[in-house]
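Contents: one structure, followed by commentary.
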Amino acid sequence: MSTYYFAINAEGEHIFDNFPSNLKHITKNYIESTSPIDLNIEELKIKARIGKRSNSFGTIYTLTFDKKYVDRYKLFKELLGFSIISLESLANFHKSILIAQTVKTEELIHNITSLNTYSIQNLYSLIPQRTLSENINKQKDIIRGIISEKPNVTTDTLLKLIKYNLSMKLEFSVFERTQNPNAPIKKISHSIRNIVLSILQIFVDDFENKKIEVSLDSGSDSERRLEIDDDSLFVSLFYLLENSVKYCCPNTRYKIHFKEESDCFSISFNMISIKIETYEIAKLTDYGYRSDFAKKINLEGKGIGMFRIVKTLKFNDAKLEIIPRIGEYVKINNDIIYENNQFKIKFMGQQDWFKINTY
């Protein structure tokens, strides 16, 4: 190759170059000239031309050793004109890559941050940070005292920390899988009720703090076993329950039902949560979308949770159905309107054929 390009966007960020590494410095010392320049390459003096063109998308430098361009400045100017045409495409491509990488990173950070927050809150509830920082030389004695005085609370806290760390491990595993569509998925028979219970335990205290009574269906359908990838389902349910804690009305009931349906097996989460307008149903699972009521309750949210639920459910051939106003109940609390809503996870192709056909 005898012609090279070095491009930066309008913000001065490097977006592309194929310059030889030992020649990149000449863009910093560029001086516009109609004459060829002499470059020393491997102890040989070689004639070249370098030019620069800019537009609203950035700047592109063109370096060439091609004799026809070196000898004819008019032809070299035409080369510069052609090079600037490509800058828009380069800048847009670079921007799209950055956006895609940012989305992927935010997806991971969102849940890891939540899990880390839960871990810290539970740990500091048992052992206040101030207690340790004010007694640096007696930290071990303080912790021993807390363990002996509160053995049951200590045990519960340690169990939660184990679960949170397991959740983080699963989150990394599932995140890697979402980045590789061809990654193998291992589906194993699991008790669906036990899977839901294992995740629900993480949020029990949060529901209790909001005085939300949680009930889990114990009918015959709850005994079903499904062929599922439990890691990805764990992440899906984690996001759903985390959102439930955030956006459910205090002093209400939260009901989880299992049902064998004609086209699927479903888990329904019935709750008194923030009002969902009809036009929002399709938007709630869009990346970054947050309703006005959600923003009032949680200013720091990024609108990633619902998006991730749908994305990770696909690993289990499942989909999310959102049904607002399944009842006429309406409650207003601190200027927030709450209604009776249902979020249903539908596992396709998992229905019990024998049970369905004996009705």
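Go through the stretch 28-76 and count every residue that is in a strand (DSSP E or B), touching a Phe, Trp or Tyr at 6+ places or on another chain (Cβ under 9 Å) and open to solvent by 40 Å² or more (accessible area, probe 1.4 Å).
Residues flagged as in a strand (DSSP E or B), touching a Phe, Trp or Tyr at 6+ places or on another chain (Cβ under 9 Å) and open to solvent by 40 Å² or more (accessible area, probe 1.4 Å) within the stretch 28-76 amount to 4.
Going residue by residue through the stretch 180-198, is there one that turns out to be open to solvent by less than 40 Å² (accessible area, probe 1.4 Å) and free of Cβ contacts under 8 Å to residues at least 24 places away in the same chain?
yes
Please work out which residue is modelled with the lowest pLDDT, limiting yourself to the stretch 207-229 and to residues that are under 21 Å from Thr312 (Cβ atoms) and in contact with a Lys or Arg (Cβ under 9 Å, 6 or more places away or on another chain).
Step one: list which residues in the stretch 207-229 are under 21 Å from Thr312 (Cβ atoms), which gives 224-229.
Still in the running and in contact with a Lys or Arg (Cβ under 9 Å, 6 or more places away or on another chain): 224, 226-229.
Values: Arg224: 92, Leu226: 93, Glu227: 92, Ile228: 92, Asp229: 89.
Here the residue is Asp229.
Can you tell me which residues in the stretch 97-156 are of a type in the set (Gly, Ala, Ser), loosely packed, with under 11 Cβ neighbours inside 10 Å and modelled with pLDDT under 80?
Filtering the stretch 97-156 down to residues of a type in the set (Gly, Ala, Ser) leaves 100, 114, 119, 125, 133, 145, 148.
From what is left, the residues that are loosely packed, with under 11 Cβ neighbours inside 10 Å are 100, 133, 148.
Residues satisfying the conditions are Ala100, Ser133.
Being surrounded by fewer than 18 Cβ atoms within 10 Å (Cβ to Cβ), among the hydrophobic types (A, V, I, L, M, F, W, C) and either farther than 23 Å from Ala100 by Cα or at pLDDT 90 or above (or both) narrows it down to one residue among Ile274, Ile322; which is it?
On inspection, the qualifying residue turns out to be Ile322.
Working only within the stretch 21-32, note down all residues that are under 13 Å from Tyr61 (Cβ atoms) and of a type outside the set (Lys, Arg).
Listed by number, the residues that qualify are Leu23, His25, Ile26, Thr27, Asn29, Tyr30, Ile31, Glu32.
With the requirement that a residue be in contact with a Ser or Thr (Cβ under 8 Å, 6 or more places away or on another chain) and among the aliphatic types (A, V, I, L, M), what does the stretch 43-58 give you?
Here is the first cut: in the stretch 43-58, the residues in contact with a Ser or Thr (Cβ under 8 Å, 6 or more places away or on another chain) are 48-53.
Ala48, Ile50 - these are the residues of the stretch 43-58 that are in contact with a Ser or Thr (Cβ under 8 Å, 6 or more places away or on another chain) and among the aliphatic types (A, V, I, L, M).
Looking at (1) at pLDDT below 90; (2) within 19 Å of Asn270 (Cβ to Cβ); (3) surrounded by 19 or more Cβ atoms within 10 Å (Cβ to Cβ), find the lone condition where Phe234 falls short.
(2)
Which of the residues spanning the stretch 325-345 are of a type outside the set (A, V, I, L, M, F, W, C) and open to solvent by 50 Å² or more (accessible area, probe 1.4 Å)?
Residues satisfying the conditions are Arg325, Glu328, Tyr329, Lys331, Asn334, Asp335.
Tally time: how many residues in the stretch 1-27 are part of a strand (DSSP E or B), over 19 Å from Asn92 (Cβ atoms) and β-branched (Val, Ile, Thr)?
Filtering the stretch 1-27 for residues part of a strand (DSSP E or B) gives 3-9, 14-17.
Adding the requirement that they be over 19 Å from Asn92 (Cβ atoms) leaves 3-4.
Okay, now just the ones that are also β-branched (Val, Ile, Thr), so 3.
Residues in the stretch 1-27 being part of a strand (DSSP E or B), over 19 Å from Asn92 (Cβ atoms) and β-branched (Val, Ile, Thr): 1 in total.
Which of (1) under 30 Å from Ile185 (Cα atoms); (2) of a type outside the set (Phe, Trp, Tyr); (3) within 27 Å of the chain's Cα centre (by Cα); (4) buried (at least 19 other Cβ atoms within 10 Å of the Cβ) does Ala294 not meet, given it meets every other one?
Every condition holds for Ala294 apart from (1).
Can Ser222 be described as of a type outside the set (A, V, I, L, M, F, W, C) and under 22 Å from Leu115 (Cβ atoms)?
When the stated conditions are applied, Ser222 does not pass them.
Considering the stretch 326-353 alone, what residues qualify as being in contact (Cβ under 8 Å) with a residue 40 or more places away in the chain and at positive phi?
Once the filter is applied, which keeps residues that are in contact (Cβ under 8 Å) with a residue 40 or more places away in the chain and at positive phi, the stretch 326-353 yields only Gly349.
The values are calculated or read from the model by the stated rules, or taken from the named source; none is laboratory data. Here the structure is a predicted model, which means the values were calculated and not measured. Virtual Cβ from ideal backbone geometry, glycine too; neighbours counted across all protein chains shown. Quick note on the areas: whole protein, heavy atoms, side chains included, nothing else; ligands and nucleic acids left out. Shrake-Rupley method; radii C 1.70, N 1.55, O 1.52, S 1.80 Å.
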